[in-house]
Amino acid sequence: MKSLMRRLWACAALCLVFGSAATAYAPFKVTTVFLVRHAEKVSNATDAELSDIGHARAKRLATVLAKANIGAIYTSQFQRTKQTAAPLAQALALTPSEINVETVQNPAGGMTGSSLSPVTLKNYADKIAQNAGQTALIVGHSNSVPALITKLGVPQTVTIADSDYDNLFVVTIYAKGKAVLAQVKF
């Protein structure tokens, strides 16, 4: 009886060890995230809408990504990001999720502008993690898209000039905290 109990305990221990190992090596769900800065806007107002050129670019983005199997679209609370996403969202019958973008001022020392708050970065990362294994689009801003690319695990630094509206960044997340980046113009 003791021998049988020892074998059962040994078997249970092996199942626990191999079960944990199998879980640790379970396949990672590769996730693809397209990121763009909003299209051209009519002014520098805080909540400026898209210009005619911006609306045309938003339609071009919808054409480019129409067959990319996008399952989720994320925008900020600002009209220019919502309007940039609208043609694709309509074509795919998706309702974009709005993530409130909070910024923090850069430290003194000649630096101006702002960057995304840690809370905003976490909110975007959490949304992407919830959709692991899928393809998503994030429409952001010149200061948010580079920060989000870094947060998704891309090691190289990206910058977007104030005059750049035609960058399409493709981040492929292939392991936790590890991703590769491709950049194209549209």
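What the table below lists for this structure:
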quantity: Within-13-Å neighbourhood charge of Glu40 [Cβ basis; K, R +1; D, E -1]; calculated: +1
quantity: Charge sum, other residues only, whose C-beta stays under 15 Å from Ile138's C-beta, Lys/Arg counted +1 and Asp/Glu -1; calculated: +4
quantity: Inverse mean reciprocal Cα-Cα distance (Kirkwood Rh) of region 40-186, Å; calculated: 15.9
quantity: Fully extended contour minus Cα-Cα distance, from Asp166 to Asp126, at 0.36 nm per residue; calculated: 11.8 nm
quantity: Contact order relative to length of region 117-178, as percent, for alpha carbon pairs under 8 angstrom and 6 or more apart; calculated: 31
quantity: Total charge dipole magnitude, region 27-185, about the Cα centre, Cβ charges on Lys, Arg, Asp, Glu only, Debye to nearest 20; calculated: 540
quantity: Potential lengthening between Thr63 and Glu102 on full extension [0.36 nm per residue; Cα-Cα distance subtracted]; calculated: 11.0 nm
quantity: Contact order relative to length of region 27-185, as percent, for alpha carbon pairs under 8 angstrom and 6 or more apart; calculated: 32
quantity: Phi-based couplings in Hz for region 156-165 (Karplus 6.51, -1.76, 1.60; Gly and Pro marked x); calculated: 7, 8, 10, 10, 10, 6, 4, 8, 8, 10
quantity: Karplus-derived HN-Hα couplings along region 137-154 (A = 6.51, B = -1.76, C = 1.60, θ = phi - 60°), whole Hz, x at Gly and Pro; calculated: 10, 10, 9, x, 10, 4, 9, 8, 4, x, 5, 5, 4, 5, 4, 6, x, 7
quantity: 10 Å beta-carbon shell around Asn167, net charge (K/R +1, D/E -1); calculated: 0
quantity: Reach of Lys41 by Cα under 23 Å, taken over lysines that are not fewer than 8 positions away in the same chain; calculated: Lys59, Lys82, Lys185
quantity: Amide H contacts of Ile138 (H built 1.01 Å from N, under 5 Å, at least 5 apart or other chain); calculated: Phe34, Leu35, Val36, Tyr74
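Quick note: the coordinates plus some simple rules give every number you see, no bench work behind them. Everything numeric here is computed off the predicted structure, so don't read it as measured data. Note that we place each Cβ from the backbone using ideal geometry, even for glycine, and neighbour counts take in every protein chain shown.
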